[in-house]
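Trainee: Take this structure first; my questions come after.
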Amino acid sequence: MTTQSTQRKTFLRRGALLAGTAILGIGLVAGVADRALLQTDQAFAQPIQLSGTQTQLPSFADLVDKVKPAVVSVRVKTEVAAASDQQNLDDLPPQLRRFFRDFGGEDGGRMGKPKPQIGMAQGSGFFISQDGYVVTNNHVVEHAVDVQLVTDSGKTLEAKVVGTDPRSDLALLKVKDGGDFPYVKLSDAKPRIGDWVLAIGNPFGLGGTVTAGIVSAQGRDIGSGPYDDFLQIDAPINRGNSGGPTFNGNGEVVGVNTAIYSPSGGNVGIAFAIPASTVKQVVDQLKKDGKVARGFIGVQIQPVTSEMAAAIGLKDAHGALVAEAQNDGPAAKAGIKRGDTITAVNGQEVKDARDLSRKIANIAPGSKVSVTLYREGHSRDVTFEVGRQPAA
C-alpha cells in the first residue's frame, strides 16, 4: 500500500540526513564493558535540587554509568556492485571494434568487467539481550560483508546480520561467538513531549559520546516512507549516531536514532528516533524470521482534505480516500473501489492516510480485518483477509 500525498514535506525531505555512516579513521571508538547490567538497579537522572535562590541542574552521571556499557560502535565493511562501464562493440569506432573482437576474450566482446566497490562505514548500536543481540539501523549495515562491534572497554567483537527491515530502517545483529553481555530494555511507555532524554553513540567515530535534551515532538513524518512516526528530540545527534539508543530517565530505550534535519550536515537541534514500540515489533520478527511480514490490502490512498470531506458529506476531515484498488488485491476482491473513504479498521478510527498505512501494516498477513467504508453518504463494514506486502 502506498500513500499519495498532495502536500509533500519537501523541506524535511531535503534536510533529513541519515545520521549513520561516518567515515572511519577518527581515533576514538565506542563499546560495551564485559560486566552485565543489573536489571534490578534503577538509573534515574538526578532531579533538580533547589538551594536558596540557586537551581542545580540535573546530572545524568548515574544514568550514564548504568547504560553506557550496553552501547557499541558498529564498524562495517561494505561491497557494492560497481556501475557497469562496459560498452557494446556496436558503439565503438570500427578500428576499436575489430580490436575488442579479436582480443575481447570470453566476455563476448565487451570491455573490462567492473569490480565491486569496497567501502567502510560506521554507526552505533546497543545490546538488547545478554546473549549478544544488537539493534542498529538498516542503513548502517546495508551491503555489509563484514561487521564488527567495538565495546566500551575497547574490545572488538565479530558480528553477523540476523535480519534487516529497510522500511523501518532497523537491523538486528548477533555476536558470532556469544558471551555474557550487558544490555538495556526497550521502554513499554511512550515518552511525553518535554521529557528528558539521553542519547549515546558514535558520532564521527568519537565513540561513547553522551548528549542530552528533551522530546521535542511526536509522530513526525519526514517523508522517508508510509510508516513515518518518529520521535523528534533536541539531544545533539550527528553522523555516526545512527542506530544508537535514546534513553529515558529510567535507563530504558525510548527510541533508535536514525536521521537529522540539517541544512549544513551538522546538528541544529532537530533529530529523529524510531519509537521503541516500533522497534519491538520489528525486532521480534527479525529475530524469528530474519525479515518483517506486513499486512497489505492493495490500495493506493490519499488524505481527506476539508474540501473533500465537505464534498462527500463527511462531518470532518478524517480517514483515507481510495485513489485506486489494485486488480485482484484483497481490497478489490472485497468490493472496495476508487472513491471509497476508509474511516476505521477493526473499529478503530482512521485519522488520515498515514494512520491507515500503519494500521494495516501491523496486521499479520492472513488475518481477518474489518474495514469501515464511507460511500455515497453511507457507512458499511467489509470483512476480508489481509494479504502479505511485497518485499521492499
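The values are calculated or read from the model by the stated rules, or taken from the named source; none is laboratory data. Just so we're clear, the structure is a prediction, and the values are computed from it rather than from any experiment. Cβ coordinates were reconstructed from backbone atoms using ideal geometry, including for glycine residues, and neighbour counts include every protein chain displayed. Just so you know, the surface numbers come from the protein's heavy atoms only, side chains and all, with ligands and any DNA or RNA stripped out. Shrake-Rupley method; radii C 1.70, N 1.55, O 1.52, S 1.80 Å.
Trainee: When you go through E142, E158 one by one, which is the residue that is modelled with pLDDT of 95 or more, over 23 Å from V254 (Cα atoms) and of a type outside the set (S, T, N, Q)?
Mentor: Just a single option satisfies the conditions, and that option is E158.
Trainee: Taking region 148-160 as the search range and keeping residues that are in a strand (DSSP E or B) and open to solvent by 60 Å² or more (accessible area, probe 1.4 Å), which one is nearest to L63 (Cα to Cα)?
Mentor: Going through the qualifying residues, I end up with T156.
Trainee: Within region 124-145, restricting attention to residues that are within 10 Å of L172 (Cα to Cα) and assigned to a helix (DSSP H, G or I), which residue is farthest from the chain's Cα centre (by Cα)?
Mentor: V141
Trainee: Can you name the condition, by its number, that R380 falls short on among (1) more than 30 Å from D284 (Cα to Cα); (2) open to solvent by 40 Å² or more (accessible area, probe 1.4 Å); (3) touching an Asp or Glu at 6+ places or on another chain (Cβ under 9 Å)?
Mentor: Result: R380 passes all but (3).
Trainee: Further question on the same structure: Has region 319-335 got at least one residue that is in contact with a Ser or Thr (Cβ under 7 Å, 6 or more places away or on another chain) and either among the basic types (K, R) or on the phi > 0 side of the Ramachandran plot (or both)?
Mentor: Scanning region 319-335, I find at least one residue that is in contact with a Ser or Thr (Cβ under 7 Å, 6 or more places away or on another chain) and either among the basic types (K, R) or on the phi > 0 side of the Ramachandran plot (or both), so the answer is yes.
Trainee: On to the next question. Collect the residues in region 131-160 that are at positive phi and in contact with a Phe, Trp or Tyr (Cβ under 6 Å, 6 or more places away or on another chain), keeping them in residue-number order.
Mentor: Residue satisfying the conditions is G132 alone.
Trainee: Further, regarding this structure: Restricting region 383-392 to residues that are open to solvent by 20 Å² or more (accessible area, probe 1.4 Å) and not polar (S, T, N, Q), which is modelled with the highest pLDDT?
Mentor: That would be E385.
Trainee: Residue by residue through region 343-355, note down the ones that are free of Cβ contacts under 8 Å to residues at least 60 places away in the same chain and open to solvent by less than 40 Å² (accessible area, probe 1.4 Å).
Mentor: Of everything in region 343-355, those that are free of Cβ contacts under 8 Å to residues at least 60 places away in the same chain and open to solvent by less than 40 Å² (accessible area, probe 1.4 Å) turn out to be T343, A344, V345, V350, D355.
Trainee: Exactly one condition in (1) open to solvent by less than 30 Å² (accessible area, probe 1.4 Å); (2) over 21 Å from R167 (Cα atoms) is false for A361; which is it?
Mentor: Result: A361 passes all but (2).
Trainee: Turning to a different aspect of this structure: Within region 364-377, can you find the residues that are more than 21 Å from Q285 (Cβ to Cβ) and either under 21 Å from the mean Cα position of the chain (by Cα) or surrounded by 14 or more Cβ atoms within 10 Å (Cβ to Cβ) (or both)?
Mentor: Within region 364-377, V371, T372, L373, Y374, R375 meet the criteria.
Trainee: Condition first: more than 14 Å from V64 (Cβ to Cβ) and among the aromatic types (F, W, Y). Now tell me which residues in region 177-217 satisfy that.
Mentor: F181, Y183, F204
Trainee: Okay, next question. For R110, work out the one condition from (1) open to solvent by 10 Å² or more (accessible area, probe 1.4 Å); (2) modelled with pLDDT of 95 or more it doesn't fulfil.
Mentor: Status for R110: all satisfied but (2).
Trainee: Hey, another quick one. Go through (1) closer than 28 Å to V350 by Cα; (2) open to solvent by 10 Å² or more (accessible area, probe 1.4 Å); (3) touching a residue at least 12 places away in the same chain (Cβ under 8 Å); (4) not in a helix (DSSP H, G or I) one by one and return the number of the condition T258 breaks.
Mentor: Failing condition for T258: (2).
Trainee: Is there any pair linking a residue in region 57-78 that is free of Cβ contacts under 8 Å to residues at least 12 places away in the same chain to one that is of a type outside the set (F, W, Y), with Cβ under 9 Å and at least six apart or on different chains, and which?
Mentor: That search, which allows pairs on different chains as well, returns L57/I48.
Trainee: For region 161-201, how many residues meet the condition of being in contact with a Gly (Cβ under 7 Å, 6 or more places away or on another chain), closer than 30 Å to P58 by Cβ and either open to solvent by 10 Å² or more (accessible area, probe 1.4 Å) or modelled with pLDDT under 95 (or both)?
Mentor: Qualifying residue count, region 161-201: 2.
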